[in-house]
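What follows is a short report on a single structure.
The values are calculated or read from the model by the stated rules, or taken from the named source; none is laboratory data. Every value quoted in this text rests on a predicted model; they were computed, and no experiment measured them. Backbone-built Cβ (ideal geometry, glycine too); neighbour counts: all protein chains shown.
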């Protein structure tokens, strides 16, 4: 079952109209663009999807829309996380996860829980979640790292937790998880810029932001890594590196939304407290896109 989450998963944006409401027409086009370009699965309602700015009704609408439009063509992952364990449990028990293949659940932010607290947080939510869970470790946003020992404890003891999205950017930590994990537990990169070295360590794939704009090229790079063809993968990795770095310079997903707007795939609209990237960076990204054509 975990094999369906090997390869490239796109952490898809939520496109908005300039007035701020969700642009479902562009959303459908983006979903089809991902699938037609060969991504292995799509992650909705994550950080890149600006899920924290969506109302409960909007999140439910996105989830239902995702299941409808994807229509079984690739697995669907949705984000359900937060820093209140009880609230996450209540959410999981109050919504239907029919058609959802896995839940991506971010490590609790702001609270700065101890390792034992992190373990029992995932143990409690896994006990009620009808879908398998992917841990999301992103200390740059949560101010709390899930260390390798805690991830491995979760991986060995909680059967419904099937993977970790590792965005710590600590390759030594990632290597220790890969070395001692159960055979059926996946270790997935959450950092596009480190995708190739991460895969060289034995990683199982990437949940990617840049794949929103370059799904074919990024997915091919990850496939080449999985086939141990790192010489060819390196060419694509370096080809994308400058634009990967640029999209994070003035906030994410503001950067990748600017790229998608330049490619005519959606409007350049984000919700506060995010704003559009600055004009200087926008001009530089535009030139980068021209150089990649």
Could you list, in sequence order, the residues of region 56-101 that are within 22 Å of residue 25 (Cα to Cα) and not in a helix (DSSP H, G or I)?
71, 72, 73, 74, 75, 76, 77, 78, 79, 99, 100
Just give me the residues in region 132-169 being surrounded by fewer than 18 Cβ atoms within 10 Å (Cβ to Cβ) and under 16 Å from residue 205 (Cα atoms), in sequence order.
169
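If you scan region 119-142, which residues turn out to be part of a loop (DSSP other than H, G, I, E, B) and either within 18 Å of the chain's Cα centre (by Cα) or without any contact (Cβ under 8 Å) to a residue 12 or more places away in the chain (or both)? Reasoning before the result, please.
Keep residues of region 119-142 that are part of a loop (DSSP other than H, G, I, E, B), which gives 129-132, 138.
Once the filter is applied, which keeps residues that are part of a loop (DSSP other than H, G, I, E, B) and either within 18 Å of the chain's Cα centre (by Cα) or without any contact (Cβ under 8 Å) to a residue 12 or more places away in the chain (or both), region 119-142 yields 131, 132, 138.
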Look at residue 261 and say whether it is at pLDDT 95 or above, surrounded by 22 or more Cβ atoms within 10 Å (Cβ to Cβ) and assigned to a helix (DSSP H, G or I).
no
Could you list all residues from region 211-232 that are under 13 Å from residue 7 (Cα atoms), in contact with a helix residue (DSSP H, G or I) (Cβ under 6 Å, 6 or more places away or on another chain), surrounded by fewer than 24 Cβ atoms within 10 Å (Cβ to Cβ) and free of Cβ contacts under 8 Å to residues at least 40 places away in the same chain?
217, 224
Starting from residues that are within 30 Å of residue 67 (Cβ to Cβ) and not in a strand (DSSP E or B), keep the ones in region 102-117 and report whichever is nearest to the chain's Cα centre (by Cα).
107
Could you list, in sequence order, the residues of region 1-12 that are modelled with pLDDT of 95 or more and more than 15 Å from residue 104 (Cα to Cα)?
7
Qualifying position, being touching a helix residue (DSSP H, G or I) at 6+ places or on another chain (Cβ under 9 Å), under 21 Å from residue 162 (Cα atoms) and touching a residue at least 24 places away in the same chain (Cβ under 8 Å), among 11, 51:
11
Any chance you could count how many residues in region 31-49 are buried (at least 21 other Cβ atoms within 10 Å of the Cβ) and either out of contact with any strand residue (DSSP E or B) (no Cβ under 9 Å at 6 or more places or on another chain) or closer than 30 Å to residue 155 by Cβ (or both)?
12
Do we have residue 100 as farther than 19 Å from residue 226 by Cβ and modelled with pLDDT under 95 here?
no
Identify all residues within region 14-36 that are in a loop (DSSP other than H, G, I, E, B) and either over 17 Å from the mean Cα position of the chain (by Cα) or free of Cβ contacts under 8 Å to residues at least 60 places away in the same chain (or both); write none if there are none.
14, 17, 18, 19, 20, 21, 23
Output the residues belonging to region 268-293 that are more than 21 Å from the chain's Cα centre (by Cα) and in contact (Cβ under 8 Å) with a residue 40 or more places away in the chain.
285, 288, 289, 292
